[in-house]
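The block underneath contains the structure these notes are about, expressed in structure tokens.
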Amino acid sequence: MEEFNHLQKTISLGLKELLRGISSNLGILAINRAQEICYLNTPAQNMLDVSESILGEKIDDTVLADFWIEEKEKHTGGGQEVSFQSNVFWVTRSMLFGEGSLTMIFFSDVADFETITSELQEAQDLNNELSTLIESSADGLVVSDHNGILLKMNPAYETMIGVKADNFLGFPAEKLVAEGHLHNLVTRQVMRTKKAATIIQEIRGREILFTGTPVFDSDNNFIRVIANIRDLTELNSLSRKLHAIQEEAKIYRDELTRLKVESLKSKVIANSVEMLKVLDTSLRVAPMDATVLLLGESGVGKEVIAQLIYEFSKRFGKPFIKINCGALPPSLIETELFGYEEGAFTGAKRSGAPGVFEMASGGTLLLDEIGDLGLDLQVKLLRLLQAREVTRVGGKKPISIDVRLIASTNQDLEKMVNANRFRKDLFYRLNVIRIVVPPLRSHPADIPLLANHFVNYFAKKYNITRRISPDLMQALVEHEWPGNIRELENTIERLVILSPEESLDISLFTTNHQDQASAATLGPLKAALEETEKKLIVQTYNLLKSTRKAATALGIDQSTVVRKLKQYGYSHETPQ
């Protein structure tokens with residue numbers, strides 16, 4: 001209709017020149033007062049299967065007579081469907097007055113019309129959903145363009161920072177910070193590095209976590225920065241509000257992943273884009289029985305992901321058996337995997353024994369560190385996976401099994417294949433669904449969540465009160481964590497035990513890592529171990545004021561604590 005109005009206003013410019021500028025996908029047919037065809041564009045020729053040779057002819061004398069008659073009969077002043085030669089078109093008809101009288105017929109393929117209409121509606125719905133999501137999010141959200149100019153700020157951000165969006169939208173972040181209107185924004189750091197960034201600030205007496213993420217277009221041009229903020233002092237309250245919002249937003253397709261993650265908060269602590277992708281993939285493949293290969297450095301949480309896949313699978317409640325292929329000697333791993341029959345070897349049970357594949361039948365089996373399997377066992381494992389049956393060591397009768405296999409390793413299996421240390425056919429058999437769990441250093445936004453979780457867990461375990469200071473939290477976020485989540489957990493437990501104050505200070509963390517870095521200069525190994533042992537026992541005893549509690553915390557006997565304290569000059573005390 002817009003093109004038609006434009007056509008009416010500019011008819012004096014020349015009919016043919018004007019019509020050439022109208023959409024190349026729109027069929028256009030013009031009939032003059034004498035009912036002669038005076039214009040027929042290329043799309044109309046293609047759709048109606050006619051040529052320009054009919055120009056000047058009366059329409060009733062051409063093959064278009066049926067189209068013309070049917071269109072006139074059905075015309076009601078608006079668009080309607082018209083059938084012509086087994087095709088269906090969406091047709092509109094208008095009269096032009098001016099230099100003569102013309103009947104203009106505009107038409108397009110119904111399928112194209114419906115597709116375009118559907119796509120436009122879907123785009124509009126998605127835009128409305130996104131706007132609703134941003135506005136209703138319990139997290140503060142700020143969107144800036146590639147120059148740092150603030151484009152959108154949701155109500156949660158205004159509340160947390162204490163500002164009004166109307167005073168800042170349309171202004172560059174650099175200027176607002178320089179003039180003192182806003183605190184240091186993570187947006188500026190993302191603009192400089194074009195990488196995700198995380199900072200922690202204390203604003204209005206509250207610890208605020210800022211996470212900035214760059215956005216790139218299809219040509220990899222930097223176009224936006226999305227900044228997310230979260231009040232760590234009210235994390236539990238925010239989690240409940242966020243969960244409530246997500247429950248109300250079940251109809252939104254893009255929120256499905258976050259809703260599923262919310263139900264796993266007691267098992268998986270994650271909110272970064274990187275880990276949410278891992279969780280989304282894990283949850284999508286969990287109901288399927290496909291083999292999963294988990295890859296990632298030691299300590300990243302591969303076993304947690306395997307447990308997650310099991311709990312959301314159709315096999316939940318059935319056996320879930322885990323075995324570390326690198327923890328068993330070669331002489332035992334074959335019988336552990338495949339079982340054995342009576343008399344298979346000296347000392348074998350009379351009745352024989354099933355292997356883990358038999359015990360896990362009907363359920364799920366996790367083969368951890370599968371890269372440590374020898375080539376001979378790789379052959380047997382491949383045969384088992386192909387035939388879905390196992391033959392015990394010393395036996396001849398195959399036993400059918402029904403196992404969902406999850407394999408994990410911190411090794412590069414593809415490099416091992418190229419080095420002939422891992423069978424290519426077994427690798428392809430395992431590599432059905434590959435999930436790479438990223439190292440902790442690649443998703444630092446999760447560190448505050450994990451650190452607070454571990455502090456609460458260990459404080460409850462040892463019946464003490466502990467919290468992380470802002471300076472320590474910043475240090476934890478900036479640390480590389482070569483041991484990943486496992487190292488972070490062990491570090492937090494050590495700080496909780498050794499800290500003499502309720503607030504875990506950065507000095508204890510810094511000193512500990514300096515001690516580790518200078519371990520090589522401490523002298524002979526025996527002396528270094530004795531000094532470390534003394535420091536741990538004395539500090540733990542001074543903190544807990546009980547030899548029994550100190551022994552429990554250190555994982556040693558109470559008698560050992562008493563004896564060592566006497567050795568260190570505490571014999572005048574009365575240990576409890």
*Only one of Gly170, Gly180 is exposed (fewer than 11 other Cβ atoms within 10 Å of the Cβ), part of a loop (DSSP other than H, G, I, E, B) and modelled with pLDDT under 75; which?*
Gly180
*If you take the residues of the stretch 282-322 that are more than 28 Å from Ser442 (Cα to Cα) and touching a helix residue (DSSP H, G or I) at 6+ places or on another chain (Cβ under 7 Å), which of them is surrounded by the fewest Cβ atoms within 10 Å (Cβ to Cβ)?*
Phe316
_Long-range neighbours under 9 Å by Cβ, at least six apart or interchain, first residue surrounded by fewer than 12 Cβ atoms within 10 Å (Cβ to Cβ) within the stretch 214-229, second hydroxyl-bearing (Ser, Thr, Tyr)_ = none
*Residue among Asn5, Asn25, Asn32 that alone is modelled with pLDDT of 85 or more and either in the same structural domain as Trp90 (by TED's automatic domain parsing) or not charged (D, E, K, R) (or both)*: Asn32
*Do you know which residues across the stretch 435-471 are surrounded by fewer than 19 Cβ atoms within 10 Å (Cβ to Cβ), of a type in the set (Phe, Trp, Tyr) and touching a residue at least 24 places away in the same chain (Cβ under 8 Å)?*
Tyr462
_For the list (1) of a type in the set (Val, Ile, Thr); (2) at pLDDT 90 or above; (3) within 26 Å of Phe210 (Cα to Cα), I need the number of the one condition that Val292 fails._
(3)
*asked:* Being surrounded by fewer than 18 Cβ atoms within 10 Å (Cβ to Cβ) and modelled with pLDDT of 85 or more is the filter here; which residues of the stretch 193-212 pass it?
replied: Thr193, Lys194, Lys195
*Here is a list of conditions, (1) crowded, with 16+ Cβ neighbours inside 10 Å; (2) outside any loop (DSSP other than H, G, I, E, B); (3) not assigned by TED's automatic domain parsing to the domain that holds Leu279, and Trp481 meets all of them except one; can you say which number that is?*
(2)
*asked:* Restricting to the stretch 408-434, and then to whatever is over 19 Å from the mean Cα position of the chain (by Cα) and among the β-branched types (Val, Ile, Thr), can you tell me which residue is surrounded by the fewest Cβ atoms within 10 Å (Cβ to Cβ)?
replied: Val432
*Report whether or not Asp139 is at pLDDT 75 or above and either of a type in the set (Asp, Glu) or under 48 Å from the mean Cα position of the chain (by Cα) (or both).*
yes
*asked:* Of all residues being of a type in the set (A, V, I, L, M, F, W, C) and in a loop (DSSP other than H, G, I, E, B) in the stretch 298-316, which is nearest to Arg284 (Cα to Cα)? Just the residue, please.
replied: Phe312
_When you check Arg258 against the structure, is it over 13 Å from the mean Cα position of the chain (by Cα), modelled with pLDDT under 90, over 25 Å from Gln386 (Cα atoms) and not β-branched (Val, Ile, Thr), yes or no?_
no
_Boolean, Ser331 is at pLDDT below 85, farther than 27 Å from Glu129 by Cβ and of a type outside the set (Phe, Trp, Tyr)_ = yes
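The values are calculated or read from the model by the stated rules, or taken from the named source; none is laboratory data. Nothing here was measured: the structure is a model prediction, and the numbers come from that model. Because the Cβ atoms are built from the backbone with ideal geometry, glycine has one as well, and the counts that use them run over all protein chains shown.
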